Structure formats: C-alpha cells, structure tokens
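Read-outs: derived from the displayed coordinates by stated rules, not from any lab. Just so it is clear, the structure is predicted and the values come from calculations on it, not from any experiment. In this analysis, Cβ positions are derived from the backbone assuming ideal geometry, glycine residues included, and neighbour counts consider all displayed protein chains.
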Amino acid sequence: MGLQDITSRIEKACQAAERPVDSVSLIAVSKVQPNERVEAVLKEGHRIFGENRVQEAAGKWPAFREVFPAIELHLIGPLQSNKARQAFELFQSIHSVDRPKLAKTLARLAQEEGHCPNLFIQVNTGEEDQKAGIAPSETDAFVADCRSMDLPIEGLMCIPPIDEEPSLHFALLAKIAERNGLKGLSMGMSSDFESAIALGATHVRVGSAIFGARAYG
Ligand SMILES: *Cc1c(COP(=O)(O)O)cnc(C)c1O
C-alpha cells in the first residue's frame, strides 16, 4: 500500500514485460479521498492525478495547483457535454470520450479554445448495458470519426466487468488500439494494474492501493 509500493510494483511489472519503466504513467486516482491524503502524495513528489467528476476536481485542484507546480490532471469518469468547457480548463487528459455527441462538443471547443486535452476513447469491452463506452465493433469507425474532426486521440480506455478476468479485456483493448494505430492504453486499476502492464498499458489508474479505501464512490 502507498505510493512507493505501487511505484516499485510498476517497475517490476515493466521489467517482467521487458518494457522501459517510463513507458507507464501512474495516475493516482484521488476521487473522494480526504485532502490530507492527497496532499501527502503530492508532498512525496507525485504530480499525475485522476478524478472522475468535474465538479469535485474543480473544488479541490485549483488550490493544490497554487502550492504544487506542474500537476497533471486526468478525467477518468463520465463527461456531460455541458461540463466539457470546464473540463477543458481543468484537465490535461480526458479518458472518457464515449459517444459521438461528446466528440462533436469537444471538437467545437477545441476550435474555439485553440487547444484540446489528450483524449482516450472509452471502449465498453464487456458490452455491459449499464456501462458507458463505444462497443468494440464500433470503435474503428468512431476512431475514424474523431480523427476526421481533428481530435487528438491518444488511445483507448476500458473498465472491465467486475466479474470477469480483466486480462481478456486488456488484450481486446490492446488489439483494437493496435489495428487503429493508437499508442495509448488506459487500463488497469488497484487490483489488476500488473496484468494491464503485461498487456501494454501506458496509463494505469490506481486509487485505493495508493490512498487507502474510499469512504464511498
Ligand atoms: C475509481 C476508479 C479507478 C481506481 O480504482 P481503484 O480500484 O481504487 O484503484 C480507476 N478507474 C476508474 C475509471 C475509476 O472510476
């Protein structure tokens, strides 16, 4: 448990997979965590964090940014179109591009603002009704649509079904990314980031294993 422990486990997983250690970014998922815990991880020198709600991020990160330089924020939860402008201001990456309407909104904002966060397309690899994301069979076409709108698509993201072997989903996501020429793979959480790294993850999203259990969320 804790940042040091997760960092060394990531290093070991990279070595086992014969990958450079700097080929994996650790996104410390700070949603719902008390500010003291987040501040402790900032003081340890970590600068890459993930949040799943725009509102919550807007409430806590501007103050941290005044104290700690060069914080990189990743939005890993669903984005409503009416919060997209706010997300542009707060986040360097958005991992939840999950529908055509949102892609259009982001493209319009990118034009207006003259910049755009790095984007990941969320793929619903388990084809679960309750989960957001593009179906695997529709992802190639969606990637092409996003590219035709000049959106900076860095890669794909998935959240495997809780009751299935995650590595099958990681392998599927990697395959779809590869055939679309996408390098980024946002996959792997506290319980499975090592297997995600073995299958090519470039961004692992680890919350409770760094900060401790969440009160909710
Ligand atoms: C909360 C969350 C995580 C982190 O989950 P842990 O199991 O605490 O590591 C990762 N990805 C997404 C999309 C999340 O919402």
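Condition check ((1) farther than 22 Å from Pro78 by Cβ; (2) under 20 Å from the mean Cα position of the chain (by Cα); (3) without any contact (Cβ under 8 Å) to a residue 60 or more places away in the chain) across all residues:
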{"residue": "Ile6", "(1), (2), (3)": "yes, yes, no"}
{"residue": "Cys14", "(1), (2), (3)": "yes, yes, no"}
{"residue": "Val21", "(1), (2), (3)": "yes, yes, yes"}
{"residue": "Gln33", "(1), (2), (3)": "no, yes, no"}
{"residue": "Phe49", "(1), (2), (3)": "no, yes, yes"}
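Among the residues making up region 173-217, those that are within 13 Å of the ligand (Cβ to nearest atom), under 24 Å from Phe142 (Cβ atoms) and of a type in the set (Gly, Ala, Ser) are Ser186, Gly188, Ala196, Ala201.
From the list Glu138, Glu128, the lone residue that is surrounded by fewer than 21 Cβ atoms within 10 Å (Cβ to Cβ) and in contact with a Pro (Cβ under 7 Å, 6 or more places away or on another chain) is Glu128. For region 115-150, which positions are among the aromatic types (Phe, Trp, Tyr) and in contact with a His (Cβ under 9 Å, 6 or more places away or on another chain)? Residue satisfying the conditions is Phe120 alone.
With respect to the conditions (1) in a helix (DSSP H, G or I); (2) more than 21 Å from Lys12 (Cα to Cα); (3) in contact (Cβ under 8 Å) with a residue 12 or more places away in the chain, Glu194 falls short on a single one, namely (2).
Is there a residue being within 16 Å of the ligand (Cβ to nearest atom), aliphatic (A, V, I, L, M) and under 16 Å from the mean Cα position of the chain (by Cα) anywhere in region 140-155? No, there is no match, as no residue in region 140-155 is within 16 Å of the ligand (Cβ to nearest atom), aliphatic (A, V, I, L, M) and under 16 Å from the mean Cα position of the chain (by Cα).
Scanning region 133-170 for residues that are outside any loop (DSSP other than H, G, I, E, B), among the hydrophobic types (A, V, I, L, M, F, W, C) and in contact with a Ser or Thr (Cβ under 6 Å, 6 or more places away or on another chain) returns a single hit, Met157.
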